[in-house]
Amino acid sequence: MIKIIADSSSNIEDIEGVVFESVPMTIYTDEVSYKDDKKLNLRRMLDYLKNYKGRSYTSCPNIAEWLEALEGGDEIYIVTVTSTLSGTYNGAMAAKKMYLENHPDAKIEVFDSKSTGPEMHLIVEKLAELIKMGCSFDEVCKKTKEYMKKTSLYFALGSLHNLVENGRVSKLVASALDVLGISIIAKASAIGDIKAIAKARGAKKTVEKMYQEIRNAGYHGGKIRICHVENESIALAFINRVKKDFANADIKYYLSRGLCGFYAEQGGLMIGAEL
């Protein structure tokens, strides 16, 4: 059986035409925990975290969860959140080693996305496309790695609280948000951490600045995948801006799941683009 597996920061539940498994991350406070699976109520989690004053943090899938997702597969492709900011990739690699000990004929490739969210979505879609084309395991791996050099991830965030508290960005970067109404625009760097690149005040200027940053990076009408944290209006505004220049661009948007919702926070926008 051919399988694609990704941790839940990809925000993917199903991919048409292939066997897909999502391995859940977990969001914790000292009082409650939220498993990032299909049962998670994002609204309830965000409301709780907004009023919670204590410690909150996240954890990677455990080895048993990875092994459960791997079970039954003999050609398996795994996509993980960036290894620079998470131990998820290492967990997937450990599970791969254990699985191969019991299934020596299986083929497994683990892709470190150096990213998260909608850029992972693009990578998973490329894997599914190549599998449906009938490409060999080696061809799928080679072409996917080439494709990953041509995708990028951008963020528009009104708060960096959870990223700072969990050591994902520095307090120096967060200081850019000291003024109410300012959004920080950032991107996933080549090594997989978060790099602030601009600031904007208000939704209209944020959309325009994000679009210009993506255009300047080389976007010319390729796929775009958008993840929003209960901010559909800004997602639609960004789509409309892209469509002014690229009317036929393949763009999809969707509500965040738990992990991206936790880090991007209320109103956050994440954009994965082919460059």
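The values are calculated or read from the model by the stated rules, or taken from the named source; none is laboratory data. Since we're looking at a predicted model, the values are computed, not measured. Here the Cβ is made from the backbone with ideal geometry for all residues, glycine too, and neighbour counts use every protein chain on show. For the accessible areas, the whole protein counts, side chains as well, though only heavy atoms, and no ligand, DNA or RNA atoms are used. Shrake-Rupley method; radii C 1.70, N 1.55, O 1.52, S 1.80 Å.
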Self-check item: Charge context of residue 25, other residues only, Cβ under 11 angstrom, K/R +1, D/E -1
Solution: -2
Exercise. For the chain, find the longest principal axis of its Cα atoms and tell me its angle to the long axis of helix 203-216, 0 to 90°, nearest 10.
Key: 50 degrees
Quiz item: Under a point-charge model restricted to the Cβ atoms of Lys and Arg (+1) and Asp and Glu (-1), what is the dipole moment magnitude of the chain relative to its Cα centre, in debye to the nearest 20?
Solution: 1320 debye
Self-check item: 1.4 Å probe accessible area per residue over the stretch 20-60, in Å²
Solution: 61 Å²
Self-check item: Cα-centre dipole for the stretch 1-120 with unit charges at Cβ (Lys and Arg positive, Asp and Glu negative), debye to 20
Solution: 620 debye
Quiz item: In the neighborhood of residue 147, defined by Cβ-to-Cβ distances under 9 Å, what is the net charge if each Lys or Arg adds +1 and each Asp or Glu adds -1?
Solution: +3
Practice problem: For every other residue with a beta carbon closer than 10 angstrom to the beta carbon of residue 1, add +1 if it is Lys or Arg and -1 if Asp or Glu, then tell me the sum. | Solution: -2
Practice problem: Take the alpha carbon atoms of the stretch 51-125, find their center, do the same for the stretch 243-272, and report the distance between the two centers in whole angstrom. | Solution: 22 Å
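Counting only protein heavy atoms and a 1.4 Å probe, tell me what percentage of the stretch 1-59's accessible area is made up of carbon and sulfur.
Details: 1450 of 3180 Å².
That share works out to 46 percent.
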Quiz prompt | Among 217, 79, 130 - extreme Cα towards positive end, dipole of the chain, charges at beta-carbon | solution = 217
